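Heads up, the thing below is written out as C-alpha cells.
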Amino acid sequence: MLNRKNKLLLLKVLSLFSVVRGYNILVIALAQYLASIYILAPDLPLRKVVFDVNLFVIVVASTMVIAAGYIINNFYDAEKDLINKPRKSMLDRLVSQRFKLTTYFVLNFLAVIAASYVSFRAVFFFSSYIFGIWIYSHKLKRIPFLGNIISASLAITPFFVVFVYYKNFQSVIFVHAVFLFLLILAREMIKDLENISGDIAQNYRTIPIIYGAKTSKVIISLLILLTLLPLLLLLFRFDVGYMDFYFGICILLLVVFIFLLLKSKTKKDYVWLHNILKLIIVVGVFSILLIDVDLVLNRIL
C-alpha cells in the first residue's frame with residue numbers, strides 16, 4: 001500500500017504527465033520514426049534509420065521542446081482551462097506554476113544542448129521553434145485565424161525537421177504534409193468552438209466569438225473539403241501501398257464529419273467532432289506501416 005507521501009508524489013507525476021500531454025508526445029515521436037522509415041528514407045537500411053544517433057537526438061530534442069510548449073501553453077491558459085476543462089485543470093494544478101516554469105526552461109535548455117550534437121543549424125532551428133511556441137502562447141493565439149494557422153504550423157514542425165534532415169523533396173511528401181496541416185487546422189478551429197465559454201471569459205478573440213459559430217462551421221467545412229484534395233491525390237496519383245484503405249476510410253469519415261458539424265450545437269457535439277479528427281490523425285500514424293507491410297521484414301532479413 002502506498003502511504004500518503006507516495007500517493008501525493010504519484011499524483012504530481014500524473015499531473016506533470018497531464019500538463020505535457022505525454023501520450024501526444026509519444027505518438028509524435030513514433031510518427032517521426034515511422035515517417036523516416038517509410039516516407040522520408042525508404043531506401044536506407046532499417047538499422048541505419050533506427051540506430052541513427054542524429055535522428056534519435058532530433059526526436060528527443062523535438063519531444064522536449066513540445067513538452068515545454070505544452071507547459072508554457074498551460075501556464076498562460078490556466079484560468080481559461082478552469083472553465084473549459086475543470087477536471088484536467090484540477091489535476092494540472094497539483095504541480096505548482098513555479099515548478100512548471102522551471103521544468104519549461106530546463107527542457108528547452110536540454111533540447112538546445114542536444115541539438116548542438118547534430119549541428120549549429122539544428123541549434124538555430126530548435127531555438128527558433130522554442131521562440132515560436134512562446135510567442136504563439138503569449139500573443140499570437142489570441143489573433144483570430146492567424147493563431148489557428150500558426151498553431152497548426154507548429155504542430156507539423158517536428159516532421160519538417162526530419163524532412164530537412166533527410167533532404168527528401170518528393171512531391172508525395174508535400175501532399176502528405178498538406179493533408180496533415182489542413183486536418184490539424186480544422187481541429188484547432190473545432191477546439192475554438194469547444195472552448196468558447198472559457199475564451200469569452202478571458203477575452204480571447206476567436207472566430208466563433210467575433211463572427212459566430214455559423215461562420216466558424218462554414219470555414220471548417222471548407223477546410224475539410226480542401227483536405228479531400230490531397231486525399232484523392234494520395235489515393236489515385238501516388239503509390240501508398242495498403243495505406244490507400246486508410247485514405248479511403250478518411251474520405252468517408254470526413255464526409256460524415258461535415259454532416260455532423262452542420263448539425264452540431266453543444267459543447268458535447270464539438271468534443272465528438274474534435275475526437276473524430278484526433279482519431280484520424282492518430283490512426284494515420286500507425287497506418288504509415290501499411291505503405292509497405294513487407295518493408296521491415298525485408299530490411300531485417
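Each label point is 7 Å from the Cα along the Cα-to-Cβ direction; what then is the distance between the points at L10 and L252, in nm?
Inter-label distance under the simple model: 4.2 nm.
Considering the chain as a Gaussian network with a 10 Å cut-off on Cα pairs, which listed residue, Q32, Q170, Q97, attains the greatest mean-square fluctuation?
The residue with the greatest mean-square fluctuation here is Q170.
With a Förster radius of 41 Å, plug the Cβ-Cβ distance of Y242 and F105 into 1/(1 + (r/R0)^6) and report the FRET value to the nearest 0.05.
In this case the efficiency is close to 0.40.
Need one number: nm distance between label points at N24 and V164, each 7 Å from Cα along Cα→Cβ, rounded to one decimal.
A separation of 2.2 nm, rounded to one decimal place.
Counting other beta carbons within 10 Å of each Cβ, put D244, D239 in order, fewest first.
In increasing order of surrounding Cβ atoms, one gets D239, D244.
Using only DSSP helix segments of four residues or longer, with each worth -39500 (n - 2.57), what per-residue ellipticity at 222 nm results for the chain after dividing by its residue count and rounding to 500?
Mean residue ellipticity at 222 nm (helix-derived): -26500 deg cm²/dmol.
Between V50 and A201, what is the label-point separation in nm under the 7 Å Cα-to-beta-carbon projection?
According to this spin-label approximation, the distance is 4.8 nm.
Based on DSSP H assignment, which helices of the chain show an axial Cα extent of at least 20 Å together with a mean Kyte-Doolittle hydropathy greater than or equal to -0.5?
4-19, 53-76, 97-118, 120-138, 146-166, 171-194, 213-236, 243-263, 267-287
Arrange the peptides 41-54, 103-116 so that the one whose residues have, on average, the most other Cβ atoms within 10 Å appears first.
The most tightly packed comes first, giving 103-116, 41-54.
Cut-off 18 Å, label point 7 angstrom out along Cα-to-Cβ of I210: give me the residues of the range 133-171 whose amide nitrogen falls inside.
Counting only backbone N, you get 136-153.
A short reminder: the numbers here are calculations on the coordinates, not readings from a lab. Since this is a predicted model, take the numbers as computed values, not measurements. Cβ coordinates were reconstructed from backbone atoms using ideal geometry, including for glycine residues, and neighbour counts include every protein chain displayed.
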